[in-house]
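Here, each number is a calculation from the coordinates, and none is a lab measurement. Note that the coordinates shown come from a computational prediction; the quantities given were computed from them, not determined experimentally. Neighbour counts are summed over all protein chains in view; Cβ atoms, including those assigned to glycine, are modelled from backbone coordinates with ideal geometry.
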Amino acid sequence: MAPYASDDSTPAGKADDLRVGRRKAVRYIVPVTVIGVAAATIGLVPALADSGDPDLPKITAQQLIEKIAASDVQQLSGTVKITTDLGLPDLGGLESGLLSGATGATGDDGGSSADPSAKLTELASGTHTLRVAADGPDRQKLSLLENAAEYSLIHNGKDVWGYDSASNEVYHSTVEQGTEAAEPVPTTPKDLTDEALKAVDDTTSVTVDGTVQVAGRDAYKLLVKPKQSGSTVGAISVAVDARTGLPLKFTLTPASGGAAVVDAGFTQVSFAKPGAATFDFTPPKGAKVTEEDGADAAAEAPAPSKGDLEGDFAKDLAGLDVLGDGWTSVATFDSGGEGMPSSGDLPDAGGLGGFLGSFGDKVDGKFGSGTVFSTRLVNALVTDDGKVYVGAVTKDALVKAANTGK
Amino acid sequence: MWRAEAKAVPVKAAPGEAASVEAASVEAESGEAASVEAASVEAAPGQAAPVEAAWVAGGAIGRPVSRLWTLGLFRSELTITLRRWRTLALLGVLAAVPVLVGIAVKIETGDGSTAGQRGDGGAGPAFMAQITNNGLFLVFTALAATLPFLLPMAVGVVAGDAVAGEANSGTLRYLLVAPAGRTRLLLAKYATTVTFCLLATLVVAVSALAVGALLFPLGDLTTISGTRISLADGLVRALFIALAVTASLLGVAALGLFVSTLTNSGIAAMATTVGLLTTVQILDQIPQLHAIQPYLFSHYWLSFADLMREPVYWVELQKNLGLQAVYVAVFGSAAWARFTTKDVTA
């Protein structure tokens, strides 16, 4: 040991060691630099890509709404990203079970995983990527991109096909030629905007809120706000393509603040005519095909309850009353034996009722007592005598409506 | 032992540099080294001999033949890797997966039902349901089934062994005395691992195609978007999918190579690489960690299925390629920094 130790202690050896050590350290700068460059690229590229708000001629809210109404985009294809956060408790598989139970659409016997109403209910929570293509009123395609699978809803002439590639199941129904196939749930920014603009009346403030770029296109921003208090809707913002008048992005923020409840926007859009093969569909060999027979189709397909995002529920709720008007209107109905199971009116569903009850808050009022189920947008009050009040209003407004409605 | 090859030959001509220590150790074991030389010259006479001649003629610079050298180094590395029983066993297991899947699907659907059609719909790997209708889908199913674990594990074993295995068996210093230089040796090692990635993927794909053609009908196929494409188009897409899967493995290969430079134990390097792989896969499954998941190398692996959409959905494929490139750059340069400054004692 000793001779080496003395060697090391010579000045020359020390300098050498230092030099070698430094040279070694210098090499590690390379991977560190690579990490830095990568991190900077990830952080900066989105910021640089945001080229600022485009410069567009001034326009009034009225003109913009007319522009949307006059918009006649017949041919388009694009990718839509839709994020919904209704604040529903995350029940995992049970949730879809309940929803499909409510629509009566699926079940192990006879149900098809390619049924559009069952499939598109998935959009009610989480982030999804959709592809849309349209060529006139007769040909549309909507695809829900999944992990290594896809669900496609294709309307071509009088045929409506649903194809679920994960299970290789096909759903088929027919519509009259020339009619636009109704989707059971609004999915594109345009569908959502049409719904929102239906609600525009004197209880609403509509303004143009500057410009924005969506999917590389210049757009105006339309801001729709309820004037009344008591609504859970904070604001609805719509980006309208400056050239075609097509809504490109739809954002609904709740009054309670936080992330948007619904955020649907094109990430890529093209107004070129999509290839004809896009709309051609023949069921693959061996696929299980579920035919929707005519009577059912008439009852279900043309009656899409687009009234709200929980439209699937509303389907079962024919004959409901509406209390109030504008944004604070509350729908009410007697659940009787259908609709939402509650511990009050469905003793045989006691287990499930009790389970659901654990998500709600007990409330009392002139109407008696009941349970309020809250999401970030829609609140529902189920009274112990089986009446149900639903609306995009706050809990207090709901109780008030129940009190006055009694 | 014979793997030290021709690279040991020019040692005596090699001037200074870091080789002096290693040269001394080679001489200390000259008996063994001599036998190594004899064996190696026989093993690769074609490229080794002219290279040496050029080396001697060109003196210490020797640049004109550098490309040949690297190629020769790469070729010998590849031969050595592929001749290992371990490698052959891994490839055998990979080739067996499509056979098992194919037979299982054939038996299950013997009564005419479709595979993967259960109440929950989403059981089994991707594309499972379509296999009975078109054997080509077995290629996609087999790749989807092997990509999460089996393929990267095989790559991890080969990459982890690349440097540490040599160090473990005491052959690394013989390799290093060759005038090729450490950087070039590392590049040859990485190229070998990448070639193995491609080979392993192709073994799965070709085996699946053979089994699929044997057990199930082939023909026009339906993309997952519902449109129809011809069989030829399908085969082209299968080839692109195999390339996309290969590209997905590049990050693991670089990571394995870096781990391999950290230790002198081949087993430790392989275990660490496979352990990291498993950890990353688990992290990718935990919903609460969604903020970091887009940066995990396995996050976009299944994006190869996007090649079966019509039109192809490029967004995630591009993200996958970008992510793999970052991993290759980071861990490749880290491996280089480590390997070129490492004290090789074994």
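Observations, loosely collected:
- Summing Cβ point charges (Lys, Arg +1; Asp, Glu -1) relative to the Cα centre of segment B:70-341 gives a dipole of roughly 880 debye.
- Given A:LYS366/A:LYS400; A:LYS221/B:LYS319; A:LYS221/A:LYS273, the pairs whose alpha carbons are separated by over 18 Å: A:LYS221/B:LYS319; A:LYS221/A:LYS273
- Residues A:SER270 and A:VAL32, FRET efficiency given R0 of 41 Å [Cβ-Cβ distance, rounded to 0.05]: 0.45
- A simple packing score, the average count of other Cβ atoms within 10 Å per residue, orders the peptides B:238-244, B:227-233, B:132-138, B:326-332 as B:132-138, B:326-332, B:238-244, B:227-233, with the highest score first.
- R0 of 56 Å, Cβ-Cβ distance A:SER256-A:VAL289: FRET efficiency to nearest 0.05: 0.80
- Segment B:70-341, Cα convex hull volume normalised per residue, Å³: 134 Å³
- Counting only other chain Cβ atoms within 10 Å of each residue's Cβ, the peptide A:167-176 averages 3.
- Neighbouring partner chain Cβ atoms per residue of B:129-139, average, 10 Å criterion: 3
- Residues in segment A:21-36 reached by a label modelled at B:ALA325 [backbone nitrogen below 20 Å; 7 Å Cα→Cβ]: A:30-36
- A:ILE42/B:ILE107 FRET efficiency (R0 30 Å; Cβ-Cβ; nearest 0.05): 0.05
- Residue exposure sequence - B:THR195, B:THR183, B:THR141 - by fewest surrounding Cβ within 10 Å: B:THR183, B:THR195, B:THR141
- Over 32 Å (Cα to Cα) - which of A:LYS227/A:LYS249; A:LYS158/A:LYS227; A:LYS119/A:LYS249 fall in this group: A:LYS158/A:LYS227
- Counts of other chain beta carbons within 10 angstrom of each beta carbon in peptide A:152-162 average 1.
- Projecting label points 7 angstrom from Cα along Cα→Cβ for B:THR278 and A:GLN213 puts them 4.7 nm apart.
- Label positions at A:ASP385 and B:LEU71, each projected 7 Å from the Cα along the C-beta direction, are separated by 9.3 nm.
- Pair A:VAL20, A:LEU223: separation of 7 Å Cα→Cβ label points (nm): 6.8 nm
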